[in-house]
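Worksheet: one structure, shown below.
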Amino acid sequence: MNEGSEAKEELRRGLEGVLAAETRIGYVNGSDGKLFYRGYEINSLVEQSNYEEVSYLLLYGHLPKRGEYEEYVKRLREEMPLPDEVLSLIKNIGGRTHPMSALRTVISYLSVLDSMESDSSTKNQERIGISLIARMPSIVGAIHRVYSGKEIIKPDPELGYASNFFYMSTGARPDPVESKIMDTALIIHADHGMNASTFSALVTISTMADMYSAITSAIGTLKGPLHGGANERALKMIQSVGRPENAEKVLKVMTDKGERVMGFGHRVYKVYDPRAKILKRYAEYFAERKGNETFKTAQIIEELMINKYGERGIFPNVDFYSGMIYDAMGFRTEIFTPIFATGRISGWVARALEYSTENRLFRPKALYVGEKGPRKYIPIQDRD
Ligand code: ACO
């Protein structure tokens with residue numbers, strides 16, 4: 001039985017394969033393993049661009065001219081420092097909860113400080129969106145510091161977005177390679193089709209709620225292990241396997257039990273995730289530099305997984321190698337998903353703004369499979 005209709009309609013669990021919106025922002029080619037932002041292939045953006053430019057591109061549809069770029073960067077830089085009240089909140093939360101929960105709380109709290117929160121005009125939603133893009137590295141950096149029992153670091157106006165994020169999180173200014181890798185990680189996470197967290201942001205904005213609410217919804221959705229939460233769990237899994245020679249046995253136990261191996265599989269990619277290809281190169285770079293075994297173990301897990309599941313379209317996804325890179329750069333495991341969110345904020349904002357310009361309230365239906373009724377109401381004293 002359908003809500004509102006007796007007509008027979010197909011049930012699409014998880015809305016799999018359902019086209020629910022139009023977009024000009026990004027395109028995921030799942031069969032060829034390609035990812036495009038506004039028509040630019042991800043590899044060319046990673047090689048030639050930076051996060052600020054990609055963020056602008058996602059929001060406005062074109063690569064910024066010099067003046068536009070400088071103005072956007074200036075705006076981000078000006079908005080990056082956090083109000084004292086927010087810093088106090090982050091300190092109060094401390095290490096009591098997962099950093100993703102802290103992040104969700106802080107983003108939601110920012111609306112308390114904004115008297116224009118409920119103005120749903122595009123101009124105001126855009127203003128809030130850009131301020132959230134600017135503040136994300138400061139918030140996640142501060143959460144990371146407090147979670148690690150360290151002092152919060154203010155942004156350095158001389159550093160770019162990714163380098164500042166690295167600096168505010170780890171306390172060290174990145175070397176040029178680390179800066180490039182941080183920038184790359186943020187770029188490749190910036191947008192990815194109608195993924196669960198983006199969809200969540202769109203559902204919220206479609207009710208004409210404010211941008212703070214949309215991003216808070218998105219962060220809550222990203223937290224789960226089937227979505228952004230997989231990067232943290234993937235590294236923990238690789239570390240729990242330990243030495244490369246353990247991989248085969250441990251993996252067999254996991255897959256025999258029907259457990260999902262974190263960092264593998266994707267609803268859209270049925271080939272190697274192009275983002276994982278990029279990150280694997282950097283994981284290898286750190287493995288050579290730091291000489292740890294984790295990369296070798298990961299490679300064996302990848303080989304075994306592809307042999308077993310490759311034919312079914314299960315390959316490493318973006319989360320398999322990202323954690324290894326963040327770990328090598330000095331980030332705690334619990335902060336991996338907030339790093340993902342720091343990249344994705346531009347995609348969430350861009351898509352929420354795009355959707356709200358041709359808004360249609362999201363309201364799918366559920367197939368009712370419960371008691372047909374009407375059932376007779378029995379007073380409490382008469383129930384057995
Ligand atoms: N390990 C083992 N088996 C898997 C995995 C995996 N990582 N992924 C899928 N499968 C199997 C399922 O058990 C299922 O098997 P069955 O047909 O015998 O029941 C089959 O493949 C299809 O699984 P679905 O969940 O229907 O496939 P879907 O394409 O919807 O899954 C998902 C996508 C949820 C990401 C899944 O691959 C998964 O759970 N992966 C692990 C978590 C993960 O890495 N998430 C991050 C995704 S990327 C991102 O969000 C940034």
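The values are calculated or read from the model by the stated rules, or taken from the named source; none is laboratory data. Keep in mind that this is a model prediction, so the values were computed, not measured. Backbone-built Cβ (ideal geometry, glycine too); neighbour counts: all protein chains shown. Each accessible area value is taken on the protein alone, full model and side chains, heavy atoms only, with ligands, DNA and RNA left out. Shrake-Rupley method; radii C 1.70, N 1.55, O 1.52, S 1.80 Å.
Which translational diffusion coefficient, to the nearest whole µm²/s, is obtained for region 147-222 from the Stokes-Einstein equation, given a Kirkwood hydrodynamic radius over C-alpha pairs, 20 °C and 1.002 mPa s?
148
Below 24 Å, Cα to Cα, which lysines can LYS91 reach? Residues fewer than 8 away in the same chain don't count.
Within reach: LYS150, LYS154, LYS223.
Ignoring ligands, DNA and RNA, what percent of the 1.4 Å accessible area of the chain is carbon and sulfur?
Whole-percent figure for carbon plus sulfur exposure: 49.
Just the number please: accessible area per residue for region 149-232, 1.4 Å probe, all protein chains included, in Å².
Per residue, region 149-232 has an accessible area of 33 Å².
Using alpha-carbon pairs under 8 Å, 6+ residues apart, how would you state the relative contact order of the chain in percent?
So the answer I get is 24 percent.
For an R0 of 56 angstrom, estimate the FRET efficiency from the Cβ-Cβ distance between ALA21 and LYS296 and round to the nearest 0.05.
0.85
If you keep only loop residues by DSSP, which GluC sites (Glu not before Pro) in region 213-275 have at most 12 other Cβ atoms within 10 Å of their Cβ?
Those that pass, being in a loop and sparsely packed, are GLU259.
Rounded to the nearest 500 deg cm²/dmol, what is the calculated helix-only ellipticity per residue at 222 nm for the chain, with -39500 (n - 2.57) per DSSP H run of length n ≥ 4?
One gets -17500 deg cm²/dmol as the mean residue ellipticity at 222 nm.
Going out from 0 in 10 Å bins, what whole percent of all Cα-Cα distances in region 1-140 drops into each bin?
Going from the shortest bin to the longest, the percentages are 9, 26, 28, 25, 10, 2.
Would you mind computing, in nm to one decimal, how far apart the modelled labels at LEU367 and TYR60 are, each placed 7 Å from Cα along Cα→Cβ?
4.7
Would you list, by chain and number, the lysines whose Cα falls below 24 Å from the Cα of LYS34, excluding same-chain residues fewer than 8 positions away?
Correct list for LYS34: LYS180, LYS270, LYS277, LYS280, LYS308.
Given +1 on the Cβ of Lys and Arg, -1 on the Cβ of Asp and Glu, and no further charges, what dipole in debye does region 1-96 carry about its Cα centre, rounded to the nearest 20?
Dipole about the Cα centre, nearest 20: 200 debye.
Can you tell me the accessible area per residue over region 28-110, all protein chains present, probe 1.4 angstrom, in square angstrom?
49
What does the charge count around SER108 come to, taking other residues whose C-beta lies under 14 Å from its C-beta (Lys +1, Arg +1, Asp -1, Glu -1)?
-1
Among 362-374, 66-78, 260-272, how do they line up from the highest to the lowest mean number of other beta-carbon atoms within 10 Å?
260-272, 66-78, 362-374
With the dipole of region 1-98 worked out from charges on the C-beta (+1 for Lys and Arg, -1 for Asp and Glu) around the Cα centre, which of SER44, HIS98, VAL18 lies farthest toward the positive end?
So the residue furthest toward the plus end is HIS98.
Can you tell me the dipole magnitude for the chain around its Cα centre, using point charges on the Cβ only (Lys, Arg +1; Asp, Glu -1), in Debye to the nearest 20?
My answer is approximately 780 debye.
Per residue, how many Å² of accessible area does region 255-384 show with a 1.4 Å probe?
55
Within the chain, which whole H helices from DSSP have a Cα span along their axis of at least 27 Å and a mean Kyte-Doolittle hydropathy of 0.0 or more, if any?
122-147, 336-357
Given a cut-off of 41 Å, what percent of all Cα-Cα pairs of the chain lie beyond it?
Everything past 41 Å amounts to 16 percent.
Pairs of Cα atoms under 8 Å, at least six residues apart: use those to get the relative contact order of region 131-170, whole percent.
47
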